Amino acid sequence: MLLAPARTGPIPTLSRFGYLMGLYAENPLRFERLFRPQGPHPYWRSSVDDGLDVHLEVLERHRYTTLYRLAYALRDPITGEPEPSAFLRHYRDARLLEVTHCHVAQRWQDTLGLKPAPANLLGHRLRMNTFLGKWLDYLASQGHSSFTLQPAEADEGIASTGIDECPSAP
């Protein structure tokens, strides 16, 4: 009987930053599989007859990036804003997708302060992008896809109060 030699060195681990970069690379694949908004329409709706329509709003289009707002058609009773809601920055040239913030009033500056420790900022971004990956997987399991995505009107969508709600990433 042959025995495999015992591993003597440490098992390689992935750093939190490496894990975040992995999420940035995996999330566009999930997003593009579900949502491929084509054409000039700024508002899109995906409906699978479960009562929870998903709305995708194109906030800004640039040569290499697109800013989106992804939300259910549910409103927070206090603020009137869609809940849950995620603002996404899609770097099409690099095939990366990041969550810039998850609520209109929950920018990273509002949540962490103006000078957060790098570890706190990294942890916050890690949580938001992990949330996005799980949410996209859930939407796919519910039947949402590029085939269920249809152009929508602004009044039936999640029409934002302005593009200035989507801040630049630090």
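Karplus couplings for the stretch 76-83 from phi (6.51 cos²θ - 1.76 cosθ + 1.60, θ = phi - 60°), rounded to Hz, Gly and Pro as x?
So the Karplus estimates, Gly and Pro as x, are 5, x, 8, 8, x, 8, x, 9 Hz.
Would you mind calculating the gained length between Asp50 and Asp93 on full extension (0.36 nm times residue separation, minus the Cα-Cα distance), in nm to one decimal? Show your work: numbers first, answer last.
Details: separation 43, 0.36 × 43 = 15.48 nm, distance 3.44 nm.
Computed gain between Asp50 and Asp93 is 12.0 nm.
Near the amide H of Glu81, under 5 Å away, which other amide H atoms are found, from residues 5 or more places off or on another chain, if H is placed in the peptide plane?
Asp76
Using the Karplus curve 6.51 cos²θ - 1.76 cosθ + 1.60 with θ = phi - 60°, what ³J(HN,Hα) values do you get for each residue of the stretch 20-29, in whole Hz, with x for Gly and Pro?
Using θ = phi - 60°, the values come out as 4, 5, x, 5, 4, 7, 7, 4, x, 5 Hz.
Of the peptides 115-125, 132-142, 85-95, how do they stack up when ordered by the mean number of other Cβ atoms within 10 Å, highest first? Walk me through the intermediate numbers first.
On the way: 115-125: 13.5, 132-142: 15.5, 85-95: 17.5.
Result, highest mean Cβ count within 10 Å first: 85-95, 132-142, 115-125.
Mean separation of Cα pairs under 8 Å and 6+ residues apart, divided by the residue count of the stretch 37-153: what relative contact order is that in percent?
Working: 175 pairs, mean separation 29.9, N = 117.
So the answer I get is 26 percent.
We did not get these values from a lab; they are worked out from the coordinates using the rules stated. Predicted, not measured: the structure shown is a model, and the values here were computed from it. Neighbour counts run over all protein chains shown; Cβ positions are idealised from the backbone, glycine included.
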